[in-house]
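Asks: Just passing along the structure, written as structure tokens.
Laboratory data are not the source of any read-out in this text; all were calculated from the coordinates shown. Treat the numbers as computed from the prediction; the structure is a model and nothing was measured. Because the Cβ atoms are built from the backbone with ideal geometry, glycine has one as well, and the counts that use them run over all protein chains shown.
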Amino acid sequence: MDENQELTLKAQRPFFLSILCVAIFSYSTLFILIFLTGVLFNSWITNVLNDFLIEGEVERNSILLFSITGIILYSLSFYGAFIIWKLKRNGFYIFLTSSFLIIFLPYLFHFGNLISGVVLLMLILLILMYYRKLH
């Protein structure tokens, strides 16, 4: 791709879509780092959870699996935003799929969070406004 085509793409991307992509990059990167910490320090996290939870023992493998799943899903979210940044429609589908998995999979681990779901649904709806600009 030469410079003229790159300038044309930059000129065609709506400013608010650029802001949304940067927000998704930041949000995804933050959670990737959090889950990476969960992978690196999963035994400590397991000990802390077992000290504070009354219901039962949290297994180290559960924390590790949860953290790896989080890294994969938020990496897909980041990748989807990167493809959206390039104005490709496939990026929206990748972001949509990863977002729905991020919203619903934590409930299988009994770690569901309403705030994360609301944020991701808002991002999906805001990006959906620019669906026709994506090719």
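Asks: Is it the case, given these coordinates, that Phe82 is farther than 24 Å from Gln12 by Cα and aromatic (Phe, Trp, Tyr)? Break it down into steps so the answer makes sense when it comes.
Replies: Details: farther than 24 Å from Gln12 by Cα: no; aromatic (Phe, Trp, Tyr): yes.
Against the criterion (farther than 24 Å from Gln12 by Cα and aromatic (Phe, Trp, Tyr)), Phe82 does not qualify.
Asks: Further question: Could you please find all residues in region 89-119 being of a type in the set (A, V, I, L, M, F, W, C) and in contact (Cβ under 8 Å) with a residue 40 or more places away in the chain? Before the answer, list the steps.
Replies: The first filter runs over region 89-119 and keeps only residues of a type in the set (A, V, I, L, M, F, W, C), leaving 92, 94-96, 100-105, 108-109, 111, 114-115, 118-119.
Phe92, Phe95, Phe109, Phe111, Val119 - these are the residues of region 89-119 that are of a type in the set (A, V, I, L, M, F, W, C) and in contact (Cβ under 8 Å) with a residue 40 or more places away in the chain.
Asks: Being under 22 Å from Phe104 (Cα atoms) and in contact with a Phe, Trp or Tyr (Cβ under 6 Å, 6 or more places away or on another chain) narrows it down to one of Ile32, Ile68, so name that one.
Replies: On the way: Ile68 fails: in contact with a Phe, Trp or Tyr (Cβ under 6 Å, 6 or more places away or on another chain).
So the residue among Ile32, Ile68 that is under 22 Å from Phe104 (Cα atoms) and in contact with a Phe, Trp or Tyr (Cβ under 6 Å, 6 or more places away or on another chain) is Ile32.
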